[in-house]
Amino acid sequence: MNDVFCPRCGVKNPGASAFCGACGAPLVPQPSTPAESALATAPPTAIQVPPPPPNPYPPPPNAYAPPPPGAYPPPPGAYPPPAGVYPPGYPAAKVVGDNTKWAVGLGIAALFCCGPFTGIPGIFLAKKDMDEIAAGRAPHLDDGWAKGAFYLNIIALGLFVLGICLFWGGAGLRRF
């Protein structure tokens, strides 16, 4: 038996098919004689097949698909997000910036031995990361760690100044 072409989408279907396998439109059997085929190949004049309606339920977007190029341009001077940690398009967790890590280490050193020699640079490093986060150039950095490092260095400097005041104001001068 001859194959039948769908009048709506043009897909080739087996001759015994009553409906199109691709779009579901009813199929008209093809004529088998040359005279009938000449009439069948003539373009229809009054038959207009409407297009299928659009799908009201589009498929959900793939969570792991990367955004289209240029969808979210980074602001000028932005830090690049950490690469290779999460699949593309997955919202990355906040990470601790290098300046913040140094500020935490300097704050701990300022608490125990070094005072202003490490506390003041620690304040500047933590403040630098806090400013980058606030300006939107480093949205992947954790603001809580940067603030914690900043206040740790402030407290270390305050304790250093308090210790110096207590040493020179009371017990330290009585020894001499």
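The values are calculated or read from the model by the stated rules, or taken from the named source; none is laboratory data. Computed from a prediction, not measured in an experiment: that's the story for all the values here. With ideal geometry, Cβ positions are generated from the backbone for all residues, glycine too; neighbour counts draw on all protein chains shown.
A few remarks follow.
- Across the stretch 120-150, the qualifying residues are those that are more than 25 Å from the chain's Cα centre (by Cα) and of a type in the set (Val, Ile, Thr), and the one among them that is surrounded by the fewest Cβ atoms within 10 Å (Cβ to Cβ) is ILE120.
Yes/no matrix, rows are residues, columns are (1) touching a residue at least 40 places away in the same chain (Cβ under 8 Å); (2) within 15 Å of VAL95 (Cα to Cα):
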{"residue": "ILE133", "(1), (2)": "no, yes"}
{"residue": "ALA146", "(1), (2)": "yes, yes"}
{"residue": "ILE154", "(1), (2)": "no, no"}
{"residue": "GLY170", "(1), (2)": "no, no"}
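- Residue check for LEU173: aliphatic (A, V, I, L, M), surrounded by fewer than 16 Cβ atoms within 10 Å (Cβ to Cβ) and at pLDDT below 85: yes
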